[in-house]
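In what follows, a structure is listed as structure tokens, so that the remarks can point back to it.
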Amino acid sequence: MINEYFTQMLYRDRGLDWFAEPLDIPVDDDVPFDLKTRATEAPYDAEFIYTKNDVFLETANADEFCRRGFYTAMFGFLFGGIVPFFVFFLAIVLLDIFSGDYEFASFVLVALIVVGITGLVYLVTHVHSAWDCFTYRHAAIRFNRRTRQVHVFYTPKLGGPRSYDWDDILATITPFDNGGYFVLNIMAATPDGTRYYDSFPVGGELVKHEECLGWWEYIRRYMEEGPDQVQEPGWYHTDRLSLKESFLRWFPLREMKRDKARGHDIRYSQWRMVLMSPMLALFSLGHFVSMLTSRKVVWSKEIREACGGR
């Protein structure tokens, strides 16, 4: 998953024993929220929810949620389209060689084509698109009220799913993508709150700080006060294979419908979507291919039992 690529880049010095030793918490101006105090009177589901019931609330890692399909479209389609061209060209050159109509330059050309194909295949399987396909369909994060834990899904490459105590987490709002958006970031800290084992952005990117604050309050109130204290989401996301869902992930039709119902002027958003539609369509197809080549999230037996068998 693409979020694991960023995790490995950020914590490359931790070696293969991921999360075994806690790290020092960076010194900055972000003050963690109090788990027992309401951050705002307006909780906001932010449309990042996959499941909500009496036992757990499931959302996703923001790095994966916001980028799923992007790298497949940008790198996978580009390099994947060039590889067949080189294979076709190689077949023509080899046909000339076997027919006896060749020169020494033909062998040089074959060698160059083979090197080119090998290089392109390496790029396709090692750049970002390799983390976007042939993996799991979403980087799930579960907030479990029953056990008061936060379950974070990781692939076996990073040691598999992990569970952290809710009472030990530190939540802050941080800038996302060079400050253009805000994201809720959670650290799984040590009990004394001085060091942390894991850090992950929750949900997705939000334009306004107030919306991100409402998103945190939605999670906090669900965990501390119960599922009845927060509204039902406007819609649920799914990890099932669906071309419609892939297009709705990149075309903000549901978001514009919601904003129009709230009385907002959506004409600018409509024009922007129309102008960007070719690129959004490409990203949507990338999302679909990414989902097609990936499999559903499977939690460990212990976490499934803790979440009511799901």
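Annotations for the structure displayed:
- Amide hydrogen neighbours beyond the local backbone of Asp198, cut-off 5 Å, H modeled: Ala188
- Filter on Lys208/Lys257; Lys36/Lys157; Lys244/Lys301 - keep pairs with C-alpha separation over 30 Å: Lys36/Lys157; Lys244/Lys301
- Hz values of 3J(HN,Hα) by residue in segment 159-167 - Karplus curve (6.51, -1.76, 1.60), Gly and Pro given as x: x, x, x, 10, 10, 10, 6, 4, 5
- Backbone HN-Hα couplings from phi across segment 275-290 [Karplus 6.51/-1.76/1.60, Hz, Gly and Pro as x]: 5, 8, 4, x, 5, 5, 5, 5, 5, 5, 5, x, 4, 5, 5, 4
- Summing Cβ point charges (Lys, Arg +1; Asp, Glu -1) relative to the Cα centre of segment 171-226 gives a dipole of roughly 80 debye.
- Shape class of the chain from the alpha-carbon gyration tensor: prolate, with a/c at 1.5 or above and a/b greater than b/c.
- Total charge dipole magnitude, the chain, about the Cα centre, Cβ charges on Lys, Arg, Asp, Glu only, Debye to nearest 20: 1080 debye
- Between segment 179-251 and segment 34-74, the alpha-carbon center distance in angstrom: 3 Å
- Rounded percent of accessible protein surface that carbon and sulfur make up, segment 151-310, 1.4 Å probe: 55 percent
- Under 5 Å from the amide H of Phe56 lie the amide H atoms of Arg145, each residue being 5 or more positions distant or on a separate chain, with H modelled from the backbone and absent for Pro and chain starts.
- Under a 5 Å amide H cut-off, with hydrogens placed 1.01 Å from N, Phe176 pairs with Tyr181, Phe182, Val183 among residues at least 5 apart or on other chains.
- Dividing the summed -39500 (n - 2.57) terms of all DSSP H runs of n ≥ 4 by the residue count of the chain sets its mean residue ellipticity at 222 nm at -13000 deg cm²/dmol.
- Solvent exposure of the chain as accessible area per residue, Å², 1.4 Å probe: 52 Å²
- Cβ crowding within 10 Å averaged over residues, with 87-93, 133-139, 205-211 ranked highest first: 133-139, 205-211, 87-93
- Antiparallel DSSP beta bridges within the chain, percent to nearest 5: 95 percent
- Along segment 263-271 the Karplus relation, 6.51 cos²θ - 1.76 cosθ + 1.60 evaluated at θ = phi - 60°, assigns HN-Hα couplings of x, 7, 7, 10, 4, 5, 5, 5, 5 Hz to successive residues, with x for each Gly and Pro.
- Assuming charge only on the beta carbon of Lys and Arg (+1) and of Asp and Glu (-1), the dipole of segment 147-283 about its Cα centre is about 720 debye to the nearest 20.
- Between 0 and 90°, nearest 10: helix 77-98 axis offset from the chain longest Cα axis: 20 degrees
- The chain: relative contact order in percent, alpha carbon pairs under 8 Å with at least 6 residues between: 29 percent
- Distance between the 7 Å Cα→Cβ label points at Glu255 and Val274: 1.9 nm.
The values are calculated or read from the model by the stated rules, or taken from the named source; none is laboratory data. Keep in mind the model is a prediction, meaning the values are calculated, not measured. When we count neighbours, we look across all protein chains shown, and the Cβ atoms used for this are built from the backbone with ideal geometry, even at glycine. Note: areas computed on protein heavy atoms with side chains; ligands, DNA, RNA excluded. Shrake-Rupley method; radii C 1.70, N 1.55, O 1.52, S 1.80 Å.
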